[in-house]
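Enquirer: I am attaching a structure below and will ask some questions about it afterwards.
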Amino acid sequence: MGQELQKVGIIGAGAMGRGIAQVCAAAGCTVQLFDSVKETVSRALDAVRDDLAQAVTKGRISQDAAHATLARIEPVQELRQLGQCELVVEAIIEQLEPKQRLFRELEAIVSPDCILATNTSSLSVTAIAAACNVPSRVIGWHFFNPVTRMKLVEVIRAPRTTPEAVQALTALSRQTGHRAIVASDSPGFVVNHAGRAFVTEGLKLLAERAAEHRVLDAILRNCAGFRMGPFELLDLTGLDVSVPVMESIHNQYYGDDRYRPVTLARTRLLAGLLGRKSGQGFYSYEGKGAAQQPAVPDASAASATVWWSTDGPAALPESIAALLPPDKRVTQAQQADVILLAPLGADLSTTVAEQHVDASKAIAVDPVFAGPAGVTLMACPGTAAATIEAARGLFGAQAIPAFVIADSPGYVAPRVVACIVNLACEMAQQGIASPADIDVAVRLGLGYPAGPFEWGDRLGAGRVLEILQGLHVTFADPRYRPSPWLVRRARLSLPLSTPDRAD
Ligand SMILES: NC(=O)c1ccc[n+]([C@@H]2O[C@H](COP(=O)([O-])OP(=O)(O)OC[C@H]3O[C@@H](n4cnc5c(N)ncnc54)[C@H](O)[C@@H]3O)[C@@H](O)[C@H]2O)c1
């Protein structure tokens, strides 16, 4: 092991197997492709041929390179033909027993130092390895769909996997043009683990009725820069896929509250509101003009006066004051139509009680994720409807969409981002992967605008901690307990990516 891998066998010629075959062949390996259903291999070769032809048309590769890549993939009819392979990758059905059986069969066919890799996305690599005589050669090589375009791969190290196998697969990943991140075997690996907070916290906000799904999506897109909101994402994936994954990760972490889904997700699954595939999810996909209706509020004229404080925990940052019409500010809270507060950790109800201001005129604005693309306004149960309209008008007059939510410590975007950062800190704390690799995995694998450690450092560890502590106090829910990795770096004012020891 540790050698350059030249001869690769791939078992399972479905969506993933054929993609892995293509990238390995393009990297110069000779590839043998096997599937228990014979026709699948010829369909896979057709798909590879089409994809390569498209790449030639777009000028990404030469005709010669396309021919050479295709010529390096040999369809095989029998498993025993894989005897000369230095690496065999399985991309068969996602069930433990068939994968274990396949690896046991392979052990009788391949040489003792052939690496056996699994592309499983949710099963334990350790459990697959445990069925083998030589578990040290078993490793996870987790690609993303479509393999040719998603340039990230997770190299999963089970407790007995040799460093040589890790090195050999990392090197081959580089050859295929993929960024490999090395992670220890744990539920969800890195990408599917780090991606938990976005959807589960979105669902938690919906279950609390902080806002409608379309408002939550719009805030996360407009204010935080996500490509799509959690409900657009759930509709795309389908609740039939997402709910079992959420439940499985929660179970695999022995019911850790950080991963706890909300019941409305399963209720909607039972009701068949799966998403795009069933025509109705959080959004409707039936009929003309269906699908995404943007939740941008109408602009209304600013006629109200506004007061804000410039010091204390609910002071308005200058960056937000700059978004307001300059002539509407008054110097006395009692004279104002709108009292604009900007707490971060506490909710508005707590802030109003502490500041002794008129609840009916009080409204909060998210001080972190705000800009010309949108601001989040947060009302408390005492806020008058007229105050909400007046506050929207103040931003609307400057053509800034103002999304209105009910009281929620950490609003929407800071709350979701703080949960993402906290989960990533916990992953670093447990040594699942390095902060740098977690950041890469999240940007490439999930397409978030920033990695969690980058984001946490931009916000500041202290502010992330303040949001989580506010959530923890308000809900008395262990879901929001801050990771010690975060707490220690916040206390020491260190960047979140600082390792445990400076060695
Ligand atoms: N599709 C994805 O987005 C994705 C992403 C990452 C990882 N994965 C994982 O990759 C693996 C394959 O997924 P897929 O989406 O390509 O599935 P798929 O259904 O498209 O392909 C699986 C192929 O394996 C073949 N097969 C099943 N049992 C076999 C056996 N015992 N021996 C030989 N061939 C067998 C099937 O005939 C089929 O062609 C799964 O473990 C899955 O979890 C999938």
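Enquirer: Which ones in region 24-35 are in contact with a Leu (Cβ under 9 Å, 6 or more places away or on another chain) and within 13 Å of the ligand (Cβ to nearest atom)?
Expert: Narrowing region 24-35 to residues in contact with a Leu (Cβ under 9 Å, 6 or more places away or on another chain): 24-27, 29, 32-34.
Result: 32, 33, 34.
Enquirer: Here's another thing I want to ask about it. Would you say residue 256 is among the charged types (D, E, K, R) and open to solvent by less than 10 Å² (accessible area, probe 1.4 Å)?
Expert: Working: among the charged types (D, E, K, R): yes; open to solvent by less than 10 Å² (accessible area, probe 1.4 Å): no.
Criteria not met by residue 256.
Enquirer: In addition: Can you tell me which residues in region 388-403 are closer than 22 Å to residue 474 by Cβ and buried (at least 18 other Cβ atoms within 10 Å of the Cβ)? Explain how you work it out, then say what you get.
Expert: Initial filter on region 388-403 (closer than 22 Å to residue 474 by Cβ): 388, 403.
Answer for region 388-403, where residues must be closer than 22 Å to residue 474 by Cβ and buried (at least 18 other Cβ atoms within 10 Å of the Cβ): just 403.
Enquirer: I need every pair where a residue in region 389-412 that is touching a residue at least 24 places away in the same chain (Cβ under 8 Å) has its Cβ under 8 Å from the Cβ of a residue that is among the basic types (Lys, Arg) and open to solvent by 10 Å² or more (accessible area, probe 1.4 Å), sequence separation at least 6 or different chains.
Expert: Sorted first by the residue in region 389-412, then by its partner, the pairs are 394/328; 402/392; 404/392; 406/209.
Enquirer: Please find, within region 55-84, the residue that is most open to solvent (accessible area, probe 1.4 Å) out of those that are within 19 Å of residue 18 (Cα to Cα) and either of a type in the set (Val, Ile, Thr) or in contact with a Cys (Cβ under 6 Å, 6 or more places away or on another chain) (or both). Step through it out loud before you land on a result.
Expert: In the first step, residues of region 55-84 are kept if they are within 19 Å of residue 18 (Cα to Cα); the result is 55-56, 61, 65-79, 81-82.
Next, only the ones that are either of a type in the set (Val, Ile, Thr) or in contact with a Cys (Cβ under 6 Å, 6 or more places away or on another chain) (or both) stay: 56, 61, 69, 73, 76.
On the way: 56: 37, 61: 61, 69: 7, 73: 12, 76: 6 Å².
Among them, the one singled out is 61.
Enquirer: Taking residue 206 as the residue in question, decide whether it is touching a Phe, Trp or Tyr at 6+ places or on another chain (Cβ under 8 Å), in a helix (DSSP H, G or I), surrounded by 24 or more Cβ atoms within 10 Å (Cβ to Cβ) and in contact (Cβ under 8 Å) with a residue 12 or more places away in the chain.
Expert: Details: touching a Phe, Trp or Tyr at 6+ places or on another chain (Cβ under 8 Å): yes; in a helix (DSSP H, G or I): yes; surrounded by 24 or more Cβ atoms within 10 Å (Cβ to Cβ): no; in contact (Cβ under 8 Å) with a residue 12 or more places away in the chain: yes.
So residue 206 fails the test.
Enquirer: If you don't mind, there's one more thing I want to ask. Could you grab the pairs with beta carbons closer than 8 Å, sequence gap of 6+ or different chains, first residue in region 68-95 and under 10 Å from residue 110 (Cα atoms) and more than 16 Å from the ligand (Cβ to nearest atom), second one open to solvent by 10 Å² or more (accessible area, probe 1.4 Å) and of a type in the set (A, V, I, L, M, F, W, C)?
Expert: 83/109; 83/110
Enquirer: Checking the conditions here, which among 176, 170 is open to solvent by 10 Å² or more (accessible area, probe 1.4 Å), over 19 Å from the mean Cα position of the chain (by Cα), of a type in the set (Val, Ile, Thr) and away from the ligand (no atom under 16 Å from the Cβ)? Spell out the reasoning first.
Expert: Numbers: 176 fails: away from the ligand (no atom under 16 Å from the Cβ).
Going through 176, 170 in turn, just one is open to solvent by 10 Å² or more (accessible area, probe 1.4 Å), over 19 Å from the mean Cα position of the chain (by Cα), of a type in the set (Val, Ile, Thr) and away from the ligand (no atom under 16 Å from the Cβ): 170.
Enquirer: Which one is most open to solvent (accessible area, probe 1.4 Å) among residues in region 331-355 that are part of a loop (DSSP other than H, G, I, E, B) and modelled with pLDDT of 95 or more? Steps first, answer last, please.
Expert: Taking region 331-355 as the starting set, the residues that turn out to be part of a loop (DSSP other than H, G, I, E, B) are 331-332, 336-337, 342-347.
With the extra rule that they be modelled with pLDDT of 95 or more, the set shrinks to 336-337, 342-344, 346-347.
Values: 336: 1, 337: 71, 342: 5, 343: 6, 344: 14, 346: 35, 347: 20 Å².
Looking at residues that are part of a loop (DSSP other than H, G, I, E, B) and modelled with pLDDT of 95 or more, I get 337.
Enquirer: Among the residues of region 2-23, is any surrounded by 14 or more Cβ atoms within 10 Å (Cβ to Cβ), away from the ligand (no atom under 15 Å from the Cβ) and assigned to a helix (DSSP H, G or I)?
Expert: Within region 2-23 (the criterion being surrounded by 14 or more Cβ atoms within 10 Å (Cβ to Cβ), away from the ligand (no atom under 15 Å from the Cβ) and assigned to a helix (DSSP H, G or I)), the answer is no, since none of the residues qualifies.
Enquirer: Another question about this same structure. For region 293-312, which positions are modelled with pLDDT under 95, buried (at least 16 other Cβ atoms within 10 Å of the Cβ) and within 27 Å of residue 216 (Cβ to Cβ)?
Expert: Across region 293-312, the qualifying residues are 295, 297, 299, 302, 304.
Enquirer: Anything in region 105-146 that is farther than 17 Å from residue 162 by Cβ, within 10 Å of the ligand (Cβ to nearest atom) and not in a loop (DSSP other than H, G, I, E, B)? List them, or say none.
Expert: Residues satisfying the conditions are 105, 142, 143.
Enquirer: Related question: Tell me, which residue of region 26-54 that is within 30 Å of the chain's Cα centre (by Cα), touching a residue at least 12 places away in the same chain (Cβ under 8 Å) and over 21 Å from residue 102 (Cα atoms) is most open to solvent (accessible area, probe 1.4 Å)? Please lay out each step first, then the result.
Expert: As a first pass, look at region 26-54 and keep what is within 30 Å of the chain's Cα centre (by Cα): 26-27, 44, 47-48, 51-52, 54.
Next cut, touching a residue at least 12 places away in the same chain (Cβ under 8 Å) only: 26-27, 44, 47-48, 51-52.
Then drop every residue that is not over 21 Å from residue 102 (Cα atoms), which leaves 26-27, 47-48, 51-52.
Numbers: 26: 63, 27: 25, 47: 32, 48: 4, 51: 34, 52: 11 Å².
Ranking the qualifying residues of region 26-54, first place goes to 26.
Enquirer: Still on this structure, I have one more. Kindly list the number of the only condition in (1) assigned to a helix (DSSP H, G or I); (2) open to solvent by less than 20 Å² (accessible area, probe 1.4 Å); (3) among the polar types (S, T, N, Q); (4) within 11 Å of the ligand (Cβ to nearest atom) that fails for residue 192.
Expert: (2)
The values are calculated or read from the model by the stated rules, or taken from the named source; none is laboratory data. Predicted model only: the values in this text are computed from it and were never measured. Backbone-built Cβ (ideal geometry, glycine too); neighbour counts: all protein chains shown. Just the protein is used for accessible areas: all its heavy atoms, side chains included, with ligands, DNA and RNA removed. Shrake-Rupley method; radii C 1.70, N 1.55, O 1.52, S 1.80 Å.
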